[in-house]
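The values are calculated or read from the model by the stated rules, or taken from the named source; none is laboratory data. Everything numeric here is computed off the predicted structure, so don't read it as measured data. Cβ placement follows ideal geometry from the backbone for every residue including glycine, while neighbour counts extend to all protein chains displayed.
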Amino acid sequence: MTLPAIRRAEPAEAEPVSALVATAFLHLPALNWLVPDSGARLETMTANLRIFVEHALEHGHVDLVDPGHAAAVWLPRTGPLPEPEDYDKRLADAVGPWLDRFTALDALFEANHPHEPHHHLVFLAVRPGHQRRGLGGALLRRHHAVLDEAGVAGYLEASSPGSRELYLRHGYRAHEPFHLPDGTPFWPMWRPPAGEWGGAG
């Protein structure tokens, strides 16, 4: 099997990376609740996700499978991390009439976020048509090697049973899910450094 070419994304690629993540996530039930208008969903989510992608490009790490078929967006939470600049205004501009839903999501994520030092996998996205080809796993292994060498844990919120199973195979441990107001679950998942659990991936 040929390994995909993975490189670090450049700041100028914030828009295509955001569009990639939004496109890959469109099928998720959570997006139906966040943006009830299906016709506005892709544009709204791309604008929303761009806030976090730009933040990670400045303060974290974005790995990209050439030529843009998959991306992993990481933020280090091993010390103080500033919020995205002008976050409240940018969020309101991005999501418009659904601001209350996005602020509720933010509050839910914050309430369930661990306090121990870790790197946060904010997004792992594979473009439709290129899924189930090992691209997500390759991106995970790439950054997990960095985490294991540094002795740092990984954390994420899985948004579907399928993604939860993927992360379980890569050494994450699932905790009890938390839920959106409509009942849609997210699974908080924690991956200790390899030396603490004896695995790889």
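Among residues of the stretch 40-57 that are under 13 Å from Phe102 (Cβ atoms), those with a beta-carbon under 6 Å from a residue that is in a helix (DSSP H, G or I) and among the polar types (S, T, N, Q) at least six positions away or on a different chain give the pairs Leu49/Ser18. Whether any residue in the stretch 42-54 is of a type outside the set (Ser, Thr, Tyr), in contact with a Lys or Arg (Cβ under 7 Å, 6 or more places away or on another chain) and in a helix (DSSP H, G or I) is what I want to check. Yes: one or more hits.
Residues in the stretch 161-194 that are out of contact with any strand residue (DSSP E or B) (no Cβ under 9 Å at 6 or more places or on another chain) and in contact (Cβ under 8 Å) with a residue 24 or more places away in the chain: Arg169, Pro181, Asp182, Thr184, Ala194. For the stretch 79-112, which residues satisfy the criterion of being closer than 28 Å to Pro193 by Cα, free of Cβ contacts under 8 Å to residues at least 24 places away in the same chain and in a helix (DSSP H, G or I)? Answer for the stretch 79-112, where residues must be closer than 28 Å to Pro193 by Cα, free of Cβ contacts under 8 Å to residues at least 24 places away in the same chain and in a helix (DSSP H, G or I): Asp106, Ala107, Glu110.
Might you let me know whether the stretch 10-21 holds any residue that is closer than 13 Å to Phe102 by Cβ and not charged (D, E, K, R)?
First, the residues of the stretch 10-21 that are closer than 13 Å to Phe102 by Cβ: none.
No; the residues of the stretch 10-21 include none that is closer than 13 Å to Phe102 by Cβ and not charged (D, E, K, R).
Please tell me if His175 is modelled with pLDDT of 95 or more and surrounded by fewer than 17 Cβ atoms within 10 Å (Cβ to Cβ). Talk me through it step by step, then tell me what you get.
Numbers: modelled with pLDDT of 95 or more: yes; surrounded by fewer than 17 Cβ atoms within 10 Å (Cβ to Cβ): yes.
The answer is yes for His175.
Considering only residues in the stretch 26-46 that are surrounded by fewer than 19 Cβ atoms within 10 Å (Cβ to Cβ) and touching a helix residue (DSSP H, G or I) at 6+ places or on another chain (Cβ under 7 Å), the one that is nearest to His179 (Cα to Cα) turns out to be Trp33. Here Leu64 meets each of (1) of a type outside the set (Val, Ile, Thr); (2) within 18 Å of Phe109 (Cα to Cα); (3) modelled with pLDDT of 95 or more with one exception, condition (2).
If I filter the stretch 80-97 for residues that are of a type in the set (A, V, I, L, M), surrounded by 15 or more Cβ atoms within 10 Å (Cβ to Cβ) and touching a strand residue (DSSP E or B) at 6+ places or on another chain (Cβ under 6 Å), do I get at least one hit? Lay out the reasoning, then the answer.
Taking the stretch 80-97 as the starting set, the residues that turn out to be of a type in the set (A, V, I, L, M) are 81, 91-92, 94-95.
Now restrict to residues that are surrounded by 15 or more Cβ atoms within 10 Å (Cβ to Cβ): 91, 94-95.
Filter again for touching a strand residue (DSSP E or B) at 6+ places or on another chain (Cβ under 6 Å), leaving none.
The answer is no, given that none of the residues of the stretch 80-97 is of a type in the set (A, V, I, L, M), surrounded by 15 or more Cβ atoms within 10 Å (Cβ to Cβ) and touching a strand residue (DSSP E or B) at 6+ places or on another chain (Cβ under 6 Å).
When each of His143, His115, His120, His130 is tested for being part of a loop (DSSP other than H, G, I, E, B) and under 20 Å from Phe25 (Cβ atoms), the lone residue that passes is His130. Which ones in the stretch 178-201 are at pLDDT 95 or above and acidic (Asp, Glu)? Selection gives Asp182 alone.
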